[in-house]
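Engineer: So that we are looking at the same thing, I have put the structure below in structure tokens.
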Amino acid sequence: MAVHLTRPEKAVLVGTAHGLPLETIARQHAMRVVTVQGYLRLAKGKFGSRDLTDAAVVYRAYLCGILRDSSARAALHHHLASWQITLLELTARGTSPREIAHRSGIPIATVEADLNALCAALGARNAAHLITRTWQLRLLARRRPRPHAALPPGHRTAA
């Protein structure tokens, strides 16, 4: 998929990928917050849908090569459980914690706690930044999400 972003769209996407709040991105680029929101919506539209989550658009931007890993820490080795990889894959696809909880029959509080633990372990500020850290650490790099993600041990699916 060939996606061409304008310079301001890319600047906003880079800030989003680094987990910066919209207010900070606006201040850094001498824009109003509403302008930053508009550029982010335009970028999302170029990736297929203005309804994409920030994490999903960041992941797609890495897959297309619009965002590139500039981290010297990319060689760090992290061992993640199957459930953690599943959470990363679903987050990269744009699946909300509420949807993940519903599909897997796990309480939403558990899903959110697991995502927060992943953010803490990988040094991420939010879900979009989690995708950036995942890409930098080569945990999901260029790997398509599995269609049917595995559930964590001891959890049952909703009937």
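Engineer: Considering only the other residues whose Cβ falls under 9 Å of the Cβ of residue 56, what net charge follows from Lys and Arg at +1 and Asp and Glu at -1?
Structural biologist: Spelling it out: positives minus negatives among the neighbours equals +2.
Engineer: Continuing with the same structure: Gain in length, residue 50 to residue 109, computed as 0.36 nm per residue apart minus the alpha-carbon separation, to one decimal in nm?
Structural biologist: Extra length from residue 50 to residue 109 when fully extended: 18.5 nm.
Engineer: What base-10 log of the normalised intensity I(q)/I(0) is obtained for the range 7-64 from the Debye formula, alpha carbons as equal point scatterers, at q = 0.13, 0.14, 0.22, 0.29 Å⁻¹?
Structural biologist: -0.26, -0.31, -0.76, -1.26
None of the figures in this text is laboratory data; all of them are computed from the coordinates on show. Note that the coordinates shown come from a computational prediction; the quantities given were computed from them, not determined experimentally. In this analysis, Cβ positions are derived from the backbone assuming ideal geometry, glycine residues included, and neighbour counts consider all displayed protein chains.
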